[in-house]
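Have a look at the structure below, then the notes.
The values are calculated or read from the model by the stated rules, or taken from the named source; none is laboratory data. Predicted model only: the values in this text are computed from it and were never measured. In this analysis, Cβ positions are derived from the backbone assuming ideal geometry, glycine residues included, and neighbour counts consider all displayed protein chains. For the accessible areas, the whole protein counts, side chains as well, though only heavy atoms, and no ligand, DNA or RNA atoms are used. Shrake-Rupley method; radii C 1.70, N 1.55, O 1.52, S 1.80 Å.
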Amino acid sequence: AMVATIPFYLEKHMFDKVNEYAGKTMNELNKLTAYTQRIQQISNNEKGNFSINRTTLQLTDFFTSIIGKYNKDERLKIDFTNESRRTEFSADIIHFSNVIENLIENAIKYSIENPEILIRISDANNKLRITVSDNGIGIANEDLKRIFDKYYRVNRKETKNKPGFGLGLTYVKSVIDAHGASISVESRLNEGSTFCIII
């Protein structure tokens, strides 16, 4: 959508907007490239040299920027609560953005009606706790222990027609591990799921 509007802004000589959209487009392409390369490594059973490039990220800006991408979806409601005393954290902006977007998009994909997502940031001793909760179809207990496994997909009628290869959460877990962080999930069928990252 951003690329499609660049010619319009060029005609209007709105070069600040052109530069902004070109920069955002490059950022999205870099994220897609990193995501694709890592998924290829995972699917080929290659650990590869998966290195992360940590930078200091502004906590609120990072999450509001990601959430802003979904503002045009009128059926979607995302609430963001920041209870942390921190103003910044250290992470790979490309891979960690992909992690948060993956969790949001899974919440949208596996919702029955209008998705409601709550992203909550809080302090956990000397670390940061990030939770992404939804009101989706939930995950059965027998599936919870396997959802990060490669190619594993929940075998339910609600998920059979959903696109995917069972690699998204495997990628998420690999990124979290590379950060020396942890991820866990709590869920109840027909009540939703909560993914918790401690970094």
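The table below gives the values:
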read-out: Any hit, the range 34-56, residues being within 27 Å of ASN125 (Cβ to Cβ), of a type in the set (A, V, I, L, M) and at pLDDT 95 or above; value: no
read-out: Inter-residue pairs, beta-carbon under 6 Å, first open to solvent by 50 Å² or more (accessible area, probe 1.4 Å) and in the range 1-26, second aliphatic (A, V, I, L, M) and not in a loop (DSSP other than H, G, I, E, B), 6+ apart; value: LEU10/VAL18; LYS24/MET2
